[in-house]
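Readers should treat all values here as calculations from the given coordinates under stated rules, not as data from a laboratory. On a predicted model such as this, the values are computed, not experimentally measured, just so you know. No Cβ is skipped: glycine too gets one built from the backbone with ideal geometry, and neighbour counts run over all protein chains shown.
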Amino acid sequence: MITSLKLEETLTIHYRKTMVCASKWFLSLLPSLSLSLYLSASLPADDYKTKSNAKTIYAKGFPLDMTIDQAEGFFGAHGEMCFVKLRKNADNKFKGSVFVEFVKQEDADKFLEQKDLKYKEDDDSALIIMTRNGYFDSKKHKVNDGSKNGGEEADSKVPEIEDVEYEKGRVLRIPNLENIATDRESIKGLFADHKVSWVNFQRGEKEAFVRFDGSAGEALKSAMSDGDKVMLCGSEIQPVVLEGEEELEYWKKAAQEKLNFFNRKRKFDRSGRGRSKRRKY
């Protein structure tokens with residue numbers, strides 16, 4: 001009986017020593033743990049998210065070649081940080097804006113008060129700074145305003161195409177089509193021996209533009225019959241290869257329409273109607 005009690009006492013002491021050692025070992029690991037993860041475990045989920053958002057700032061106006069080390073060096077001078085996030089576009093290229101969460105709320109508040117802060121002293125303009133919540137609120141207002149105005153405001157902000165690169169001699173203009181019962185498929189079929197990449201035409205319009213992957217002049221020659229005539233749906237037409245200023249204006253207009261389309265699509269996707277919503281950084 002005595003032996004059994006001594007054995008139990010010995011095991012109890014050994015267990016306590018083991019637990020103390022394990023506790024010390026775990027505590028020694030804490031400095032290397034992510035500060036954000038450690039804090040999130042010690043606070044209720046909603047409370048942690050609210051406090052984290054309040055300490056997270058959005059800043060824009062950085063050079064596109066800025067690295068994560070340079071960003072950490074810049075923000076580190078204003079306080080200890082939990083994380084720095086370089087925001088990137090669909091091509092995984094830096095967009096010039098960041099999200100930064102400070103450890104202390106007072107450091108985040110002080111940073112937000114610096115209205116004329118520049119990344120470098122010789123920069124032309126100051127950084128755009130706001131809270132993370134303020135940034136997403138502003139994005140929501142833009143989306144809502146664009147919806148109310150039928151997207152006109154969003155389109156008005158698309159930059160106008162000033163110059164465009166293109167290969168010359170790829171486009172035909174076919175005028176005087178208002179009295180010919182034709183359509184895009186008929187026009188495309190007229191040049192079946194050449195690869196047509198695009199036809200700009202709607203029924204009833206006065207003219208059509210036909211874009212080729214190769215030479216528009218060669219396509220025009222192959223469509224000729226009975227000498228120099230080109231026939232479409234039983235009627236003779238007079239296609240011409242675009243040149244000079246007229247050709248440049250065509251390609252500028254095509255580039256502008258493409259840019260407008262993708263801008264509207266991007267606004268639609270960001271509104272949450274074009275795809276499932278998800279949290280963005």
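Quick notes on this one:
- A straight chain from Cys233 to Arg203 at 0.36 nm per residue would run longer than the Cα-Cα distance by 9.5 nm.
- Using θ = phi - 60° and Karplus 6.51 cos²θ - 1.76 cosθ + 1.60, couplings along segment 113-120 (whole Hz; Gly, Pro as x): 6, 8, 6, 10, 5, 10, 5, 10
- Distance between the modelled labels on Lys221 and Asp69, one decimal in nanometres: 6.0 nm (7 Å Cα→Cβ projection).
- At R0 = 30 Å, FRET efficiency that the Cβ-Cβ distance of Lys49 and Lys93 yields, to 0.05: 0.55
- Entries in Lys118/Lys258; Lys168/Lys258; Lys95/Lys195; Lys120/Lys252; Lys93/Lys258 that, when Cα-Cα distance is taken, lie over 31 Å: Lys118/Lys258; Lys95/Lys195; Lys120/Lys252
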